[in-house]
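Written below as structure tokens is the structure these notes are about.
Every number in this text was worked out from the coordinates using simple rules, so none of it is lab data. As the structure is a computational prediction, the values presented were derived from the model and not from experiment. Virtual Cβ from ideal backbone geometry, glycine too; neighbours counted across all protein chains shown.
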Amino acid sequence: MSNVCIIGTGSYLPEHVMTNDDLSNLVDTSDEWIRTRTGIRERRISTGMSTSDLAYEAGARALQSSGLKPEDIDLIICATITPDYFMPSCACIVQDRLGAINAAAFDLVAACTGMIYGIVTAKQFIKSGMYENVLVIGSETLSKVLDWENRSSCVLFGDGAGAVVLSKASEGSKILASRLEADGSKHNLLTCSALPLHNPYVNTGVQDMQRQGSFCLPKIEMLGQEVFKYAVRTIIDNINNILNMAELTKEDITYIIPHQANQRIIEQASKTCKIPIDKFHMNLDRYGNTSAASIGIALDELVSSGKLKKKDKVILVGFGGGMTSGSILLEWS
Ligand code: COA
């Protein structure tokens with residue numbers, strides 16, 4: 001019997017490390033404040049690579065680890081909130097650079113839940129019989145939409161990319177269950193604006209601002225404490241619900257890979273769920289919050305470390321702007 005399996009993983013982080021001390025030269029903050037409130041020590045910041053560059057590097061690594069050739073890929077999905085262009089999609093640029101000439105390609109926006117939405121979308125294409133091999137990438141250069149004068153937000157995020165190859169296969173790390181959620185009524189908790197309407201019938205002042213040189217670039221804005229509460233609640237709900245779907249208990253789970261936003265969010269969820277904190281894989285101390293990239297980077301790291309063993313059950317759980325959330329239960333192979 002064939003399943004939908006993860007047959008390859010990959011990730012890429014820009015080389016430049018920005019420490020908390022580096023940030024304290026830009027805004028009124030300190031290493032101590034950032035570490036104790038978030039768990040973050042440093043993050044990677046792109047000094048030239050675009051979102052599609054990072055996506056290409058992570059995608060190429062995932063492809064190599066899958067053993068497939070670029071022409072075997074039927075679909076590329078790139079989850080991102082920081083694309084190079086409104087169009088073309090980041091996925092189309094990656095398709096060209098990989099030489100994945102048989103692949104359809106599109107971008108997907110689900111903010112920090114992007115990798116979960118991407119994998120579940122890929123799974124549905126494979127299950128329906130339309131495609132056999134799908135490359136899912138989460139890639140972000142969040143540094144270009146950060147307000148570098150706002151200490152409440154600029155300390156949280158970083159750049160990076162993670163990727164997985166999914167395939168219809170009888171052997172491999174199979175998806176046992178998955179779920180997606182959205183609560184659009186909370187869309188104002190975490191935002192990054194695009195362009196206001198402006199055309200010959202509507203004057204929202206954009207052209208005037210451009211002429212005066214005062215046009216504001218889009219930037220991430222958030223209601224931090226509200227997001228924090230949503231995040232804790234949604235991790236707990238997702239873990240409980242996916243365990244119920246799969247008729248498993250928390251004792252059956254070896255690892256949980258949560259979206260890497262804040263150590264305190266993860267610790268609170270761990271405490272409430274009564275799941276030991278050492279089951280939660282974290283790397284946010286080194287990379288901060290890389291939005292759609294974070295779960296793919298963390299999964300690739302866990303795979304490369306050799307910690308995952310055959311039959312281990314792993315939950316991936318994400319949450320983010322929208323608000324969106326979702327989870328995936330895997331049996332490792
Ligand atoms: N350095 C020093 N002080 C800071 C600071 C920083 N980087 N950022 C905020 N502060 C200050 C505030 O100005 C405030 O000062 P005041 O009391 O004088 O007004 C004080 O610290 C407390 O601010 P508050 O916002 O209440 O802190 P907090 O404990 O809620 O932590 C976050 C703030 C952003 C770390 C926390 O709310 C959070 O992590 N939220 C979730 C955000 C997130 O994960 N978003 C992405 C989800 S995908």
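How about region 40-100: which chymotrypsin sites (Phe, Trp or Tyr not before Pro) there are in a DSSP loop, with at most 12 other Cβ atoms within 10 Å of their Cβ?
On the way: sites: Tyr56, Tyr85, Phe86; in loops: Tyr85, Phe86.
When the chymotrypsin sites (Phe, Trp or Tyr not before Pro) of region 40-100 are filtered for loop state and at most 12 Cβ neighbours within 10 Å, Phe86 remain.
Here's how it looks for His16: its modeled amide H is under 5 Å from those of Ile45, Thr47, which are all 5 or more places away or on a different chain. Loop-resident trypsin sites (Lys or Arg not before Pro) (DSSP state other than H, G, I, E or B) in region 202-280 with no more than 10 further Cβ atoms inside 10 Å of their Cβ: Lys274. With the simple model of a label 7 Å out from the Cα in the direction of the Cβ, Glu267 to Ala194 spans 3.9 nm. Across region 318-333, coupling constants 3J(HN,Hα) worked out from phi with the 6.51/-1.76/1.60 Karplus curve, θ = phi - 60°, read x, 7, x, x, x, 6, 10, 7, x, 8, 9, 10, 10, 10, 6, 9 Hz, and Gly and Pro carry x.
Absence of a disulfide-compatible partner, taken as no other cysteine beta carbon within less than 4.7 angstrom, is noted in the chain for Cys5, Cys92, Cys112, Cys154, Cys192, Cys216, Cys273.
Of Ser327, Ser185, Ser2, Ser50, the sequence from fewest to most neighbouring Cβ atoms within 10 angstrom is Ser185, Ser2, Ser50, Ser327. The gain in end-to-end length when the Asp208 to Lys274 segment is fully stretched comes to 18.2 nm, 0.36 nm per residue minus the alpha carbon separation.
With θ taken as phi - 60° and the Karplus curve 6.51 cos²θ - 1.76 cosθ + 1.60 applied, the whole-hertz 3J(HN,Hα) list for region 52-69 is 5, 4, 5, 4, 4, 4, 5, x, 5, 5, 5, 4, 4, 6, 7, x, 7, 9 Hz, x standing for glycine and proline. Counting only other residues whose beta carbon sits under 13 Å from that of Thr51, what net charge do I get with K and R as +1, D and E as -1? Result for the local shell: -4.
Build a GNM of the chain with springs between Cα atoms under 10 Å apart, and of Gly172, Gly118, Gly318 the one that fluctuates most is Gly172. Each Lys and Arg adds +1 at its Cβ and each Asp and Glu adds -1 at its Cβ; summed about the Cα centre, region 188-282 shows a dipole of about 220 debye. Counting Lys and Arg as +1 and Asp and Glu as -1, what is the net charge of the other residues whose Cβ lies under 13 Å from the Cβ of Met130? Within the 13 Å Cβ shell, the charges total +1.
In whole percents, the pair-distance distribution calculated for region 3-171 from its alpha-carbon pairs, binned every 10 Å from zero, is 11, 37, 28, 16, 7, 0. Of Arg37, Arg97, Arg179, the residue with the greatest mean-square motion in the GNM of the chain, using alpha carbon springs below 10 Å, is Arg37.
Counted by Cβ distance under 14 Å from Leu142, the other residues give a net charge of -1, where Lys and Arg count +1 and Asp and Glu count -1.
Here the dipole of the chain is about 780 debye; that uses its Cα centre as origin and unit charges on the Cβ of Lys and Arg (positive) and Asp and Glu (negative).
Within region 3-171, DSSP assigns beta bridges of which about 70% are antiparallel (rounded to the nearest 5). Exposure here means at most 15 other Cβ atoms within 10 Å; with GluC sites (Glu not before Pro) in a DSSP loop as sites, the longest stretch of the chain lacking them is 16-148.
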